[in-house]
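Where a number appears in this text, it was derived from the coordinates with a stated rule and is not lab data. This structure is a prediction, so every number in the text was calculated from the model and none was measured. All Cβ positions, even for glycine, are placed from backbone atoms using ideal geometry, and neighbour counts span all protein chains on display.
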Amino acid sequence: MTDTWRNKALCRQYDPEIFFPFTGDAELPKRVCGSCPVRERCLRYALDTGQRYGVWGGLTEDERRQLPHPSRPDPAVSDTFEAHIAELMDRGITPGESAAYLMRPEPEVRRIRDRIQKRRSRARSEGVG
Ligand code: SF4
């Protein structure tokens, strides 16, 4: 198998069926994914290949469906990457999930989220909007 990231997948130690929770209870697979060393790669794979069912990279199918595709510009952010993070933020996607989705380190995503929030508060206090 050339997909070496799969060899490091934590889910290999579990019954695969728990990652396809038909009852809608995804707590256990999400907990496993939360500790998985290849979570980001797994989520990227699921998005790139359009996996429709099951928990991948810690996100359920519904959560993956809600991730934004190429972003709309946000006037309070300076570039496309920040706009993407802003959109994820507005959708309630956590910093960790955003980092996995964007394949960037979580501290970087958190830093950018802080910057966006500060810029938005400044815009509000200056009476824009
Ligand atoms: S993140 Fe992906 S590879 Fe890792 S445990 Fe979850 S489903 Fe398996």
#### Entry: Nearest-ten-degree value, helix 106-125 long axis tilted from longest Cα axis of the chain
30 degrees
### Message
Angle check, please: helix 80-90 long axis (alpha carbons) against the longest principal axis of the chain (alpha carbons), in degrees 0 to 90, nearest 10.
### Response
80 degrees
### Query
Looking only at Cα atoms, what is the convex hull volume of the stretch 13-66 per residue, in Å³?
76 Å³
### Task
State to the nearest 20 debye the size of the charge dipole of the stretch 13-66 about its Cα centre, where the only charges are +1 on K and R beta carbons and -1 on D and E beta carbons.
240 debye
### Task
Mind checking which of A99, S121, V109 is farthest towards the positive end of the chain's charge dipole, using Cβ charges of +1 (Lys, Arg) and -1 (Asp, Glu) about the Cα centre?
S121
#### Entry: Highest-fluctuation residue, G34, G54, G92 considered, GNM on the chain with Cα pairs under 10 Å
G92
### Task
Using only the alpha carbons, work out the radius of gyration and Dmax of the chain in angstrom.
16.6, 58
### Selection from P29, Y45, L59, by position along the positive dipole direction of the stretch 13-66 (Cβ)
Y45
### Task
Counting helices only, and only those DSSP H runs with n ≥ 4, report the 222 nm mean residue ellipticity of the chain as the sum of -39,500 (n - 2.57) divided by its residues, in deg cm²/dmol to the nearest 500.
-15000 deg cm²/dmol
### Query
To the nearest 20 debye, what is the magnitude of the charge dipole of the chain about its Cα centre, counting +1 on the Cβ of each Lys and Arg and -1 on the Cβ of each Asp and Glu?
420 debye
### Query
For labels at E27 and F81 in the simple 7 Å Cα→Cβ model, what's the distance in nm?
3.8 nm
#### Entry: Longest site-free stretch - the chain; sites: chymotrypsin sites (Phe, Trp or Tyr not before Pro), DSSP loop, at most 15 other Cβ within 10 Å
54-129
